[in-house]
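Have a look at the structure below before the remarks.
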Amino acid sequence: MQLSGPSIIPTMSTSAVILLHGYGANGSDLIPIGEALSAEFSQTAFFAPNAPTEIFSQGYEWFSLNDYNPQQLTLDYLNVLQKRAMYQVDLVKNYILNVVETCHIPLDKIIIGGFSQGGLMAFLTAYSMSEKCAGVMGLSAVPLVHPVPYCFSTSVLLTHGGLDSVVPPIAMNISKETLEKMNQPVQTFCSKRMEHNIDNTCLEQIRLFLKKQF
């Protein structure tokens, strides 16, 4: 199976951002980030693949959340979600390697990011690669609770909403602690009035992160 979804690919692409959407959404939900930033990053390609499992019309998931309850996010349950996510890592990894091959963009010029459950997919995929990517972004991400094998250090941006009732703000701190155990440099940003979405203040943090990493 091959992933597919919307993309913005300049004629002269020297870098790329992979955006992995959240539960029940699709690539069209995140490609507006690329649309908002493409003028400034005119040589950066943006890719937003759809997750592999369609759960309703035009709505996809990377892994099942049928038993998800934001009021009962125990570490044991979050570890279960991490194990579920691992089953889809190879699909995302192969998608990124195809971008490397077809667009001739080296992995160290590619940022891997994701929103909500896509954020956890971004963490797991980035550290499954045999080479270093340009950076990792976890946007209101389902947290990484268990350190994973890694062979490099790369910068990580974590953003979250202070009013997020879907993935509570504590998730960002959990990811931060795990990533720091893995010796990864992490920067965090909490938009205090934001719920489970990406507002303009977070978009600005993404812009600054891309500018620094590229």
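The values are calculated or read from the model by the stated rules, or taken from the named source; none is laboratory data. Fair warning: this is a prediction, and the values are worked out from it, not measured in the lab. We place every Cβ from the backbone using ideal geometry, glycine too, and count neighbours over all the protein chains shown.
Things to note:
- Checking region 30-38 against the condition returns a match, with at least one residue being out of contact with any His (no Cβ under 6 Å at 6 or more places or on another chain), of a type in the set (A, V, I, L, M, F, W, C) and farther than 19 Å from Lys212 by Cα.
- The numbered conditions (1) β-branched (Val, Ile, Thr); (2) assigned to a loop (DSSP other than H, G, I, E, B); (3) in contact (Cβ under 8 Å) with a residue 60 or more places away in the chain; (4) in contact with a Phe, Trp or Tyr (Cβ under 9 Å, 6 or more places away or on another chain) are all true for Ile105 except (4).
- Residue within region 40-60 that is small (Gly, Ala, Ser), more than 17 Å from the chain's Cα centre (by Cα) and within 24 Å of Phe209 (Cβ to Cβ) present: yes
- Of Val100, Val142, Val136, all but one fail to be under 18 Å from Pro49 (Cβ atoms), among the β-branched types (Val, Ile, Thr) and in a strand (DSSP E or B); the exception is Val136.
- Each residue in region 97-108 was checked for being surrounded by 20 or more Cβ atoms within 10 Å (Cβ to Cβ) and either farther than 19 Å from Leu210 by Cβ or charged (D, E, K, R) (or both), and 0 pass.
- Residues in region 62-78 that are under 11 Å from Gly24 (Cα atoms) and either of a type in the set (A, V, I, L, M, F, W, C) or touching a residue at least 60 places away in the same chain (Cβ under 8 Å) (or both): Trp62, Phe63, Leu65.
- Of everything in region 126-141 that is closer than 21 Å to Asn200 by Cβ and in contact (Cβ under 8 Å) with a residue 40 or more places away in the chain, the residue that is surrounded by the most Cβ atoms within 10 Å (Cβ to Cβ) is Met137.
- Residues (of a type in the set (A, V, I, L, M, F, W, C) and part of a loop (DSSP other than H, G, I, E, B)) located in region 33-73: Ala39, Phe41, Ala48, Ala51, Trp62, Phe63, Leu65, Leu73
- Test result for Leu144, without any contact (Cβ under 8 Å) to a residue 40 or more places away in the chain, crowded, with 21+ Cβ neighbours inside 10 Å, touching a Phe, Trp or Tyr at 6+ places or on another chain (Cβ under 9 Å) and under 21 Å from Trp62 (Cα atoms): no
- Looking across region 14-30 at every residue that is buried (at least 19 other Cβ atoms within 10 Å of the Cβ) and farther than 20 Å from Leu120 by Cβ, the one that is farthest from the chain's Cα centre (by Cα) is identified as Ser15.
- Criterion applied to Ser57, Ser116 was being out of contact with any Pro (no Cβ under 8 Å at 6 or more places or on another chain), at pLDDT 95 or above and not hydrophobic (A, V, I, L, M, F, W, C), and the one residue passing it is Ser116.
- Count of region 146-170 residues which are touching a helix residue (DSSP H, G or I) at 6+ places or on another chain (Cβ under 9 Å) and over 21 Å from Ser128 (Cβ atoms): 5
- Residues in region 179-208 that are hydrophobic (A, V, I, L, M, F, W, C) and touching a residue at least 60 places away in the same chain (Cβ under 8 Å) were compared, and the one that is farthest from Ser165 (Cα to Cα) is Ile206.
- Region 52-96 - residue that is buried (at least 18 other Cβ atoms within 10 Å of the Cβ) and of a type in the set (S, T, N, Q) and, of those, nearest to Val167 (Cα to Cα): Gln82
- The number of residues in region 149-187 being surrounded by 16 or more Cβ atoms within 10 Å (Cβ to Cβ) and assigned to a loop (DSSP other than H, G, I, E, B) comes to 10.
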